[in-house]
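Contents: one structure, followed by commentary.
The values are calculated or read from the model by the stated rules, or taken from the named source; none is laboratory data. Keep in mind the model is a prediction, meaning the values are calculated, not measured. Cβ sites come from the backbone with ideal geometry, for glycine too, and all protein chains shown count toward neighbours.
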Amino acid sequence: MDAREFKQRFMPHHRLLYRVAYHLTGNAQDAEDLLQDMYLKLWQKRDDLPDEAMKDAYLVTMMRNLFIDQRRLKHVDASAELKEELSPPDERSLDRQIDTRDEAAQMEGLIRQLSERDAKIIQMHLMEDRSYEEIERDTGLSQGNIRIIVMRTKKKLKKQFQKITKTWTN
């Protein structure tokens with residue numbers, strides 16, 4: 001398969017794949033990176049792809065699996081950092097630990113300022129790593145509403161947190 005045929009096959013799915021990537025990652029830059037990784041993987045396997053690879057369900061599943069794989073790699077990296085933090089601390093690592101705890105405490109304070117519903121949903125989604133389906137079962141809200149609440153709440157928390165950190169650095 002040459003580049004022209006590749007584009008003809010997979011570019012019609014671009015908008016759907018971008019939306020899926022954005023939903024998975026939560027921001028535009030990470031969604032674009034994930035989508036680029038997806039196209040790279042498709043290109044590398046272009047001659048071995050089954051016919052069903054041009055179907056939305058196959059591509060969405062592939063995108064989701066790629067996201068999960070990347071997330072697992074980040075967790076492995078995080079566990080390596082945790083091991084580093086468990087080693088005898090030097091002055092810089094102590095400062096970093098204090099900063100991290102301060103930031104976590106500030107974020108917890110911001111979450112406590114949210115409405116009860118929003119705080120509960122953001123806690124289930126971010127801290128308990130629960131799926132939208134699980135949150136839907138527990139709250140009775142539709143998955144669409146939950147997605148909107150999560151997106152708006154994350155945006156609100158990020159904005160408030162940035163205000164706080166600006167005052168720290170000034």
Ala119 assigned to a helix (DSSP H, G or I), modelled with pLDDT under 75 and over 26 Å from Asp2 (Cβ atoms) | no
Among the residues of the stretch 1-48, how many are in contact (Cβ under 8 Å) with a residue 24 or more places away in the chain, in a loop (DSSP other than H, G, I, E, B) and either surrounded by 15 or more Cβ atoms within 10 Å (Cβ to Cβ) or not acidic (Asp, Glu) (or both)?
-> 3
Test for Leu157: is it touching a residue at least 12 places away in the same chain (Cβ under 8 Å), buried (at least 16 other Cβ atoms within 10 Å of the Cβ) and in a loop (DSSP other than H, G, I, E, B) = no
When residues of the stretch 49-72 are limited to those that are more than 18 Å from Gln8 (Cβ to Cβ) and charged (D, E, K, R), the one surrounded by the most Cβ atoms within 10 Å (Cβ to Cβ) | Arg64
Before we move on, is Ile135 closer than 22 Å to Arg19 by Cβ, assigned to a helix (DSSP H, G or I) and in contact with a Lys or Arg (Cβ under 8 Å, 6 or more places away or on another chain)?
-> no
Only one of these conditions is not met by Met124: (1) at pLDDT below 80; (2) among the aliphatic types (A, V, I, L, M); (3) in contact with a helix residue (DSSP H, G or I) (Cβ under 6 Å, 6 or more places away or on another chain). Which number is it?
-> (1)
